[in-house]
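In what follows, a single structure is set out as structure tokens and then discussed.
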Amino acid sequence: MLTIVKKHELSPSQIIVLFYVVAVAISVCLLSLPFTVKTGVDWSFLDILFTAVSAVSVTGLSVVNTADTFSIPGIFILLFILQFGGIGIMTLGTFFGY
């Protein structure tokens with residue numbers, strides 16, 4: 001007897017939450033790379049997590065001085081995360097607009 005397994009479909013709210021969780025996880029990984037901060041700068045995992053969540057949600061808050069903490073590649077990674085978060089915000093706005 002052949003049984004057909006129905007795929008579990010995610011609701012729109014679950015997709016939104018999943019997008020932000022995945023985006024924050026990727027952002028934390030990118031900001032944890034050793035070349036993203038200047039030499040001699042010490043910042044904790046909570047600082048990385050706060051900066052990643054803030055960048056993905058496009059609030060732009062940071063507990064560290066961006067110019068004193070990040071190297072040039074780190075600034076570009078942070079800009080990419082902000083842009084990626086902005087695309088997510090625009091997608092949500094379009095979704096709710098329809």
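Below is a table of values for the structure above.
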| quantity | calculated |
| --- | --- |
| Residue match in segment 29-41 (condition: in contact (Cβ under 8 Å) with a residue 24 or more places away in the chain and under 30 Å from residue 96 (Cβ atoms)) | yes |
| Residue within segment 46-69 that is more than 30 Å from residue 97 (Cβ to Cβ), surrounded by 12 or more Cβ atoms within 10 Å (Cβ to Cβ) and touching a strand residue (DSSP E or B) at 6+ places or on another chain (Cβ under 7 Å) present | yes |
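None of the figures in this text is laboratory data; all of them are computed from the coordinates on show. Keep in mind it's a predicted model, so treat the numbers as computed, not measured. Quick reminder, even Gly has a Cβ in these numbers, built from the backbone with ideal geometry, and neighbours come from all protein chains shown.
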